[in-house]
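Here's the structure we're looking at; comments come further down.
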4 protein chains.
Amino acid sequence: MEQTPIIIVNVKTYLESTGPRAVAMARLMGTLASETKASLVIAVQPSDISACVALGRLPVYAQHIDPMPPGSCTGWVLPEAVKAAGAVGTLINHSEHRLRLADIDACITRANAVGLTSVVCTNNVATSKAAAGLLPSMIAIEPPELIGGDISVTTADPRIVSDSVKAVKSVAPGVKVLCGAGVKTGEDVTAAGRLGADGVLLASGVVKAKDQEKVLRDLIAGLR
Amino acid sequence: MEQTPIIIVNVKTYLESTGPRAVAMARLMGTLASETKASLVIAVQPSDISACVALGRLPVYAQHIDPMPPGSCTGWVLPEAVKAAGAVGTLINHSEHRLRLADIDACITRANAVGLTSVVCTNNVATSKAAAGLLPSMIAIEPPELIGGDISVTTADPRIVSDSVKAVKSVAPGVKVLCGAGVKTGEDVTAAGRLGADGVLLASGVVKAKDQEKVLRDLIAGLR
Amino acid sequence: MEQTPIIIVNVKTYLESTGPRAVAMARLMGTLASETKASLVIAVQPSDISACVALGRLPVYAQHIDPMPPGSCTGWVLPEAVKAAGAVGTLINHSEHRLRLADIDACITRANAVGLTSVVCTNNVATSKAAAGLLPSMIAIEPPELIGGDISVTTADPRIVSDSVKAVKSVAPGVKVLCGAGVKTGEDVTAAGRLGADGVLLASGVVKAKDQEKVLRDLIAGLR
Amino acid sequence: MEQTPIIIVNVKTYLESTGPRAVAMARLMGTLASETKASLVIAVQPSDISACVALGRLPVYAQHIDPMPPGSCTGWVLPEAVKAAGAVGTLINHSEHRLRLADIDACITRANAVGLTSVVCTNNVATSKAAAGLLPSMIAIEPPELIGGDISVTTADPRIVSDSVKAVKSVAPGVKVLCGAGVKTGEDVTAAGRLGADGVLLASGVVKAKDQEKVLRDLIAGLR
């Protein structure tokens, strides 16, 4: 598993981070990771995994896998396929791509089987506690109403972070907990750490920034 | 909440238990419940709830609710609607109707809000433990590969029952645990109790029986 | 099949038309249908079908069916079940409950098999033309962006109605075409007829009206 | 659009055609396409598109796209993303990945907008006729019960092919019609042409063959 504290940048399906522009983002993040020794991860669309991996130095995650087995599953995202493309981990059950409980469990089992770090996204304390019972590598709590917004979850609802950390650790002490939604600055990252989180998951805060390098440097500074 | 130990008969969408034949099943179960004082519940299709409720004496559950709010949700099963028809509880996330994790959580919240007992179905120990984090009224563990089969889960895989009981109680001691899949006899019910379960959930074992009354009497005898 | 021109009131999952209040709406509509000889239909939640049917005189539709066969389909809406409860037709693929193409086809086949009038909802001219290839009883074109709004589709986008009528009739001349979205007045009903539609499908215009009887009388007057 | 008659090989999610083995299949097909001038296409998983495209000479399709717009659609397959990776077309609504009617329509619109050939899969004559109303580039009729089997649709149910061709052409004369399911030999390809089809869509017949080159040469010979 990747080191914590960690910053995972999910580039979603923004045109600003699709194709060559996903690779550009991975290059920038890889350079900063090498320079600062911070633990950074980029989560990209499946068609962009191999090109981002080819740069080296930065762990690349898939944004989603399906729990299907190899074979007759046309058009689904096979864990073995993202692994073959070089991904080392995957988001599961992102707010924009919710899965059935039994499928989250199956995705984690499949991720373990092929050697992918599993990051299950959740929306509140109860689902974070539930996800802990499934023993993923990490859980990322993101209140849907704050995603893509201007106020960090660590400011808008700090209790949901600290309560999720407590709930998860009460069920599965070894599972890491990240937080996300509205995270944009180093201060937000520091606040996440103070609330017990092992890192942050963010997207628009980096992808939509006018100066992506400046934002990333600020976020990394917040890890200290 | 209904008393435990409990026997919940899910009549599914069998023609043998649709419309007037659902009502006949509810009548038979109501008579036996009155006579034996056993805690019996029937889970029926939404269009059959009110007629089964009208018989009196037997608690009627819905087989499913959707987490949607009142309003513009054409064709979805509103918790308020099944409650208005007289249901006092509902299955959630049945093996044949799996839901997303966030929706299971929302269904339980909605069931609590309108006053419905919530029975979340699960497929293994991990998802049972996960469901416990959501604090439903009951959890019913049913290994999918044994559902509709000839061998009771209590014989084929007793460990999945006792381990689910342990896992659920470790997270939420107040949540009741049922088991199901292949349950057909009083012996199976007794075995479920010995494994720590608070009752059974079954379907074909009763609905498809040649002599439904005989099977129900045998199941009830197993509660002792 | 019900007579055209027709007015179908879909009461959705509004609390104002759930349980006893669905029955009250059916009673009012039944009285007006008897008095005016207009062809009126109410589409209700499955748990309210039997009580609305029990009133007599007004055809009752389901808001949705699933294409599943009888048997092991817990929590799905069986065509046989809504038929047993007394429904004579059903909406299929409503804007708030979209279905897969193959499932729309299967729902129509199942509706025919059990004797339910099938009304397939569509969102534009292309999908209306596509639906015509499946030979439902009726097609109801409703632009999603106008549903629940204040301006009738017949005013906001009359071309989508007349073009849908033309497209459907070019593929299947016997299939009736309704329109909906924002329909509220007798004028809207008359406009629909002028555009070639065989009736209207509406919801909030009636359910949310302060004086439901007045609105219904106005709508009926527009049929002339 | 690619030339017809055409042979599209969908490599599904077989391990035999994932990662480097997808590239090997694309290389073999590219060589045969150059040598024979036959119109061949490979449809691969999204994570394998760019590596297959990098070989040159063989058009590469995606197996699936989602109708979502760019932006906040984590884990969905963006048309722009598969295009950026070099795909020139896509399957839509494959038997193993069915879509809602409105989403098939939206996928075709999105495919057109980004410049992808659209191949909509269907399961019977009615859905083929329906799909024609949406004006995709091609329609591939594949009876689900014959997919992956040993008998070609052209032998087992030739009428479904010729009737689909007739139905599609009656609605949209410019839309090409392919057939698939059980197709394995040049004879099957020839039979498809005789039934009016513009080519075939196949998977296991090639991927699972002991001698893939031999099977491909036989299929290509059947195009004459």
Whether any residue in the range C:188-209 is surrounded by 20 or more Cβ atoms within 10 Å (Cβ to Cβ), among the aliphatic types (A, V, I, L, M), more than 14 Å from every other protein chain (Cβ to nearest Cβ) and more than 17 Å from the chain's Cα centre (by Cα) is what I want to check. yes
Output for Cβ contacts, cut-off 7 Å, separation at least six or different chains, first residue under 14 Å from C:VAL171 (Cβ atoms) in the range D:167-190, second part of a loop (DSSP other than H, G, I, E, B) and modelled with pLDDT of 95 or more, reads D:VAL168/D:VAL175; D:VAL171/C:GLY133; D:VAL171/D:GLY133; D:ALA172/D:LEU135; D:VAL175/D:LEU135; D:VAL175/D:PRO136
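On the given criteria, is C:VAL177 more than 13 Å from chain D (Cβ to nearest Cβ), surrounded by 22 or more Cβ atoms within 10 Å (Cβ to Cβ) and touching a Cys at 6+ places or on another chain (Cβ under 6 Å)?
On the way: more than 13 Å from chain D (Cβ to nearest Cβ): yes; surrounded by 22 or more Cβ atoms within 10 Å (Cβ to Cβ): yes; touching a Cys at 6+ places or on another chain (Cβ under 6 Å): no.
Here the answer is no, as C:VAL177 does not meet what is asked.
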Scanning the range A:11-44 residue by residue, those of a type in the set (D, E, K, R), surrounded by fewer than 21 Cβ atoms within 10 Å (Cβ to Cβ) and in contact (Cβ under 8 Å) with a residue 60 or more places away in the chain turn out to be A:GLU16
Picking from A:ILE108, A:ILE7, A:ILE65, the residue that is hydrophobic (A, V, I, L, M, F, W, C) and within 17 Å of A:ALA203 (Cα to Cα) would be A:ILE7
**Condition met for C:ASP218 (modelled with pLDDT of 95 or more, away from chain D (no Cβ under 14 Å) and closer than 17 Å to C:ASN10 by Cβ)** = no
Test for C:ALA156: is it buried (at least 20 other Cβ atoms within 10 Å of the Cβ) and over 17 Å from the mean Cα position of the chain (by Cα): no
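What number of residues in the range B:143-169 are farther than 27 Å from B:LYS208 by Cβ and more than 8 Å from every other protein chain (Cβ to nearest Cβ)? Give the steps one after another, and end with the answer.
Filtering the range B:143-169 for residues farther than 27 Å from B:LYS208 by Cβ gives B:159, B:162-163, B:165-169.
Filter once more, keeping what is more than 8 Å from every other protein chain (Cβ to nearest Cβ): B:159, B:162-163, B:165-166, B:168-169.
Count: 7.
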Here the residues within the range B:135-151 that are touching a residue at least 40 places away in the same chain (Cβ under 8 Å) and small (Gly, Ala, Ser) are B:SER137, B:ALA140, B:GLY148
Can we say A:PRO70 is closer than 20 Å to D:GLU16 by Cα and surrounded by fewer than 21 Cβ atoms within 10 Å (Cβ to Cβ)? yes
Residue count, the range A:106-123, condition more than 7 Å from every other protein chain (Cβ to nearest Cβ) and over 13 Å from the mean Cα position of the chain (by Cα), comes to 10
Only one of D:ALA54, D:ALA62 is in contact (Cβ under 8 Å) with a residue 12 or more places away in the chain and within 16 Å of the chain's Cα centre (by Cα), namely D:ALA62
Those residues of the range C:127-142 which are crowded, with 22+ Cβ neighbours inside 10 Å and at the interface with another protein chain (Cβ under 9 Å from one of its Cβ atoms) amount to C:THR127, C:SER128, C:LYS129, C:ALA130, C:ALA131, C:ALA132, C:GLY133, C:LEU134
Can you confirm whether D:GLY19 is more than 28 Å from D:ASP103 (Cβ to Cβ), at pLDDT 95 or above and out of contact with any helix residue (DSSP H, G or I) (no Cβ under 7 Å at 6 or more places or on another chain)?
no
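Would you mind stating whether A:ILE147 is of a type in the set (A, V, I, L, M, F, W, C), at pLDDT 95 or above and either buried (at least 24 other Cβ atoms within 10 Å of the Cβ) or under 15 Å from the mean Cα position of the chain (by Cα) (or both)?
Criteria not met by A:ILE147.
The values are calculated or read from the model by the stated rules, or taken from the named source; none is laboratory data. Just so we're clear, the structure is a prediction, and the values are computed from it rather than from any experiment. Don't worry about glycine lacking a Cβ; one is built from the backbone with ideal geometry, like all the others, and counts go over all protein chains shown.
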